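Input: a single structure, listed below in structure tokens.
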Amino acid sequence: METDDIEKLLIESKFERLVSKSKNYINSRSESDLITLRNDLIQLKLKLESKLEKNKKHKNQDNVAVFGLMLSIIHKFDYSVQLMENMKSKKPVCREFDTKEILDILLPHLISLVEHGKKEIPDAEKLEEDYALIESIEDQHKRVLLTYLVQDWHNMDEVLNLLKIGEIYKNIAEKLLNLSLLTRGGESKQ
């Protein structure tokens, strides 16, 4: 049991680093942040695949669903890192695109997902509120980014990549919300 707690702490810290380095890269465009993101993604993916296989063997369906979702989230982060790598400008043009706020909203729900054995799956009502907030932030970002695009069409690559990254983060929130709603529905039937 103690090993599981240590592994959960490791996974939790890796998710926190993913969020932190993702937030930093959008503003800094530091190559070291991308390298760290790549390495953390690889390590976390391997760890989650191992945990998923272990739980499949033990036929623990709840954990299989949770680790499957975490792996899906890692794939989303991986795609966002690919998009970050495509942003060629070393001087960020679109500073008003605040991915930090979206990632700050997501982080407690990701941690709650990692700690699913000790706590409940992320709270559906809170996730619904946060998802609505993320959607409104995303709409605001689209208006700001389109302004940058209108100012200079050379900003198109950065604008499109940032829009896609925002959509990825919104999609992660949606996945968390769906799992939370499913588990809440399953609990009410029991």
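The values are calculated or read from the model by the stated rules, or taken from the named source; none is laboratory data. Here the structure is a predicted model, which means the values were calculated and not measured. Please note: Cβ atoms are built from the backbone with ideal geometry, for glycine as well, and neighbour counts cover all protein chains shown.
Okay, here's what the table says:
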item	result
Residue 148 modelled with pLDDT of 80 or more, of a type in the set (Phe, Trp, Tyr) and in a helix (DSSP H, G or I)	no
Residue among 83, 127 that is more than 24 Å from residue 182 (Cβ to Cβ), surrounded by 13 or more Cβ atoms within 10 Å (Cβ to Cβ) and either at pLDDT 90 or above or within 20 Å of the chain's Cα centre (by Cα) (or both)	83
Single match in 4, 40 (criterion: touching a helix residue (DSSP H, G or I) at 6+ places or on another chain (Cβ under 6 Å) and either of a type outside the set (Phe, Trp, Tyr) or in contact (Cβ under 8 Å) with a residue 12 or more places away in the chain (or both))	40
Candidate set from the stretch 7-32 (those that are in contact with a Ser or Thr (Cβ under 8 Å, 6 or more places away or on another chain), assigned to a helix (DSSP H, G or I) and in contact (Cβ under 8 Å) with a residue 12 or more places away in the chain); member that is surrounded by the fewest Cβ atoms within 10 Å (Cβ to Cβ)	17
Inter-residue pairs, beta-carbon under 9 Å, first at pLDDT 75 or above and in the stretch 175-190, second among the aromatic types (Phe, Trp, Tyr), 6+ apart	176/131; 177/131
Verdict on residue 52 being modelled with pLDDT of 85 or more, in a helix (DSSP H, G or I) and in contact with an Asp or Glu (Cβ under 6 Å, 6 or more places away or on another chain)	no
